[in-house]
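A.B. asks: Here it is: the structure, laid out below.
No lab work stands behind these numbers, since they all come straight from the coordinates. All values reported here derive from a predicted model rather than from experimental measurement. Here Cβ is always computed from backbone atoms with ideal geometry, including for glycine, and neighbour counts include all displayed protein chains.
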Amino acid sequence: TNVARFAQEAARILRPNGYLLWCDLCALEVNNTSVECFTDNGDFDIEEKIDITRNVLRALDVRSKATEDVIQRNVAAPNQAEFREFAAMPGTAAYADLRQGRIVYWRAVLRRAM
């Protein structure tokens, strides 16, 4: 996967004990989160892994009007619904998935193994 390739490249360029901060979302029906791609080869240790979904939802709520304004000004009308979905704006399926716990947003602190 793209994340696995990124993890290999990050392991190559980071010094031992170097840190990588990672945020990503994961559907709950998937067995692993993308964070596990960093530990699969023993290249990284997870120092911290926190579910930040609630914080992300709050930010989406706070920024929804500004995001809508940007989409209306910069995106052709036929494409606006796709951009709203990509931005997980309130009222979209992506937002509902986050709100209902079907998608979780993770923040992790990873340390390059020795």
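A.B. asks: Just to verify a result, which residue in region 1-50, among those that are hydrophobic (A, V, I, L, M, F, W, C), without any contact (Cβ under 8 Å) to a residue 60 or more places away in the chain and not in a helix (DSSP H, G or I), is surrounded by the fewest Cβ atoms within 10 Å (Cβ to Cβ)?
C.D. replies: Restricting to residues being hydrophobic (A, V, I, L, M, F, W, C), without any contact (Cβ under 8 Å) to a residue 60 or more places away in the chain and not in a helix (DSSP H, G or I), the top hit is VAL30.
A.B. asks: Do we have any residue at all in region 75-87 that's in a loop (DSSP other than H, G, I, E, B) and touching a strand residue (DSSP E or B) at 6+ places or on another chain (Cβ under 7 Å)? Let's see the steps before the verdict.
C.D. replies: Taking region 75-87 as the starting set, the residues that turn out to be in a loop (DSSP other than H, G, I, E, B) are 75-76, 87.
When the remaining residues are screened for being touching a strand residue (DSSP E or B) at 6+ places or on another chain (Cβ under 7 Å), the result is none.
The answer is no; no qualifying residue exists.
A.B. asks: So which residues in region 51-74 are assigned to a helix (DSSP H, G or I), within 21 Å of LEU28 (Cβ to Cβ) and in contact with a Phe, Trp or Tyr (Cβ under 6 Å, 6 or more places away or on another chain), if there are any at all?
C.D. replies: Within region 51-74, THR53, VAL56 qualify.
A.B. asks: For GLU82, state whether it is charged (D, E, K, R) and surrounded by 16 or more Cβ atoms within 10 Å (Cβ to Cβ).
C.D. replies: Working: charged (D, E, K, R): yes; surrounded by 16 or more Cβ atoms within 10 Å (Cβ to Cβ): no.
No; evaluated as a whole, the condition is false for this residue.
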